[in-house]
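The values are calculated or read from the model by the stated rules, or taken from the named source; none is laboratory data. Since this is a predicted model, take the numbers as computed values, not measurements. Every residue, glycine among them, receives a Cβ derived from its backbone with ideal geometry; neighbour counts consider all protein chains shown.
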Amino acid sequence: MPELSRRRALTATAALAAAAGAQTLAIPAARAGEHHPAPGSDGPAASSDSPAPFDEVYHGRRIQGRPTTGGGHHGGGHHGDGQHGAGYAVFIDGVELHVMRNADGSWISVVSHYDPVPTPRAAARAAVDELRGARLLPFPAAN
């Protein structure tokens, strides 16, 4: 049996997280805010449907987020919003980080699926923390 490479481990983790995407978890509000935004950055999600765009370097990684038009390439109803990222795209070093908005307004990603955060920026930061320097691999779209 071949040894498990970092690439295979990350790919397997992403696949498992995507498979578990239909499940929702109840996380105490205190835990949902564990990834505290830096001063001057966005805090908890406002009632707006689309969070503000961002573009910054976090722990040496470029993270970006922006609203998308046309809802992106995802279809179907996940998390009650009709699309995974609710019309919002997040990137780490130019590679898309698939994010999903939960019914309660919190956000999760394929990298930190079980740790909801208040904003897509917080999801990008949590993913960078979880990757610990590893490269984010492109996630194939399921059609």
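Just the residues that are among the aromatic types (Phe, Trp, Tyr), at pLDDT 95 or above and surrounded by fewer than 18 Cβ atoms within 10 Å (Cβ to Cβ), please, taken from segment 96-143. Selection gives nothing. Among the residues of segment 110-126, the one identified as closer than 15 Å to Phe91 by Cβ and free of Cβ contacts under 8 Å to residues at least 60 places away in the same chain is Ala123.
Working only within segment 93-143, note down all residues that are among the hydroxyl-bearing types (Ser, Thr, Tyr) and under 21 Å from Asp49 (Cα atoms). Scanning segment 93-143 gives Ser106, Ser109, Thr119.
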